[in-house]
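The values are calculated or read from the model by the stated rules, or taken from the named source; none is laboratory data. Only a predicted model underlies this, so the values are computations on that prediction, with no experimental measurement involved. Please note: Cβ atoms are built from the backbone with ideal geometry, for glycine as well, and neighbour counts cover all protein chains shown. Just the protein is used for accessible areas: all its heavy atoms, side chains included, with ligands, DNA and RNA removed. Shrake-Rupley method; radii C 1.70, N 1.55, O 1.52, S 1.80 Å.
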Amino acid sequence: WVPMSKQIVRTSKYRHVYGTAFKRENCYENVNSVTSASDVNYIDGNGQYFATAWRAGGGGSLCVLAYDKCGKLAPDVPVITGHTSEITDFAFNPFADNIIASGSADTTIKLWQIPEGGMTANMTTPMVDLTAHSKKISTLTWHPTADNLLASSAWDHCVKLFDVSTGEEMSNLAMHTDTIQCVQWNYDGSMMGTTSKDKKLRLIDPRANAEVSSVQAHEGTKSSRV
């Protein structure tokens, strides 16, 4: 036992630091995001825009907003409405800020080109439409070093690689036996890691279309990510 007078209390340098909320005019209001469609990111962004799946009837919608469009959003804010079912994942092209890919439960992947300055009307016609998967899309991941190369996974247990400039399917990685939960490239894009509902973490060489190694990962019931 140590007397109170002898105890040493470390004082935090952040003890009296308080955050300041943004002013209302610098915030976004009426953001009608979908947060229950899939176990994926609910928001994605780059240097110019951020995107979120939008709650709307008649199929999946995606809202893309420029950062300078702060304030209260109108009920009829322009959205991407080309899918016939919920949007399950989406990702901006790291090489082109105005290109975004969206995947849906309607089994399709679509590429959209955001107009300079942002959207002013609903978009229904994609610049590219990819239809190689047979079940709903799970994840979309752009290659980190090669432009126009997109990896997708779906409930058909396949990871597919597309050259989106031509719409061509470059590879089909079919070594999974259960629902794919996450797909990630390594830093130079030479390998990819995946997790699956079978609780395995796989390391895949996409050029050889081969599983390099696998380990039994987390045993919990929740999905795991790389």
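Output the antiparallel fraction of DSSP beta bridges having both residues in the chain, as a percent to the nearest 5.
Working: 54 of 57 bridges.
Antiparallel: roughly 95 percent of the beta bridges in the chain.
Just in segment 102-200: which trypsin sites (Lys or Arg not before Pro) are loop by DSSP and have at most 13 other Cβ atoms within 10 Å? Display every interim value, and only then the final one.
Numbers: sites: Lys110, Lys135, Lys136, Lys160, Lys197, Lys199, Lys200; in loops: Lys135, Lys136, Lys197, Lys199.
Sparse-neighbourhood loop trypsin sites (Lys or Arg not before Pro): Lys135.
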Checklist entry - For Tyr42, what accessible area in Å² do you get when you roll a 1.4 Å probe over the heavy atoms of the protein chains, rounding to the nearest 10? => result 100 Å²
Next on the checklist: Accessible area of the chain with a 1.4 Å probe: how many percent of it is carbon plus sulfur?
Outcome noted: 51 percent
Next on the checklist: Quick check: pseudo-label points 7 Å beyond the Cα along Cα→Cβ at Thr11 and Asn209, how many nm apart are they?
Outcome noted: 6.7 nm
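Per residue, how many Å² of accessible area does segment 35-133 show with a 1.4 Å probe?
Details: 4400 Å² over 99 residues.
Spelled out: the 1.4 Å probe surface of segment 35-133, per residue, equals 44 Å².
Tally Lys and Arg at +1 and Asp and Glu at -1 over the other residues with C-beta under 12 Å from the C-beta of Leu150: what net charge comes out?
Its environment carries a net charge of -3.
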Next on the checklist: If you only keep lysine pairs separated by 8 or more in sequence, or across chains, how many in the chain come under 17 Å at the Cα atoms?
Outcome noted: 12
